[in-house]
Amino acid sequence: MVIAFPPDVAARLRSIEETEGVPDLEIVHLAVSVFSMLDADERHRLGQCALGMLVERHRRSRS
């Protein structure tokens, strides 16, 4: 399997590697591993939580 990310996602992965020292491939493997262990309802709830965090961050940044 070959996965290609949009430039903005690839840039964020590189940034995480630079600041946290975690290789981008390890981040992807961990994320997919965890996501694949969840059932459909859990994946849905995880997505809602993640989007909620992003919305909250956006709101704080506009204050």
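A few points about this structure:
- When the P(r) is computed for the chain, the part past 15 Å accounts for 67% of the Cα-Cα pairs.
- Local electrostatic count at Arg12 - Lys and Arg +1, Asp and Glu -1, tallied over other residues with Cβ under 11 Å: -3
- The trypsin sites (Lys or Arg not before Pro) of the chain that DSSP puts in a loop, and whose beta carbon has at most 11 other beta carbons within 10 Å, are Arg62.
- Surface calculation, 1.4 Å probe, protein heavy atoms: Leu54 sits at approximately 90 Å² accessible.
- Leading residue at positive end of dipole, the chain (Cβ point charges), from Ile27, Val55, Met1: Val55
The values are calculated or read from the model by the stated rules, or taken from the named source; none is laboratory data. Note that the structure is a prediction, hence the values are computed from the model and not measured. Virtual Cβ from ideal backbone geometry, glycine too; neighbours counted across all protein chains shown. These accessible areas exclude ligands, DNA and RNA; they are computed on the full protein's heavy atoms, side chains included. Shrake-Rupley method; radii C 1.70, N 1.55, O 1.52, S 1.80 Å.
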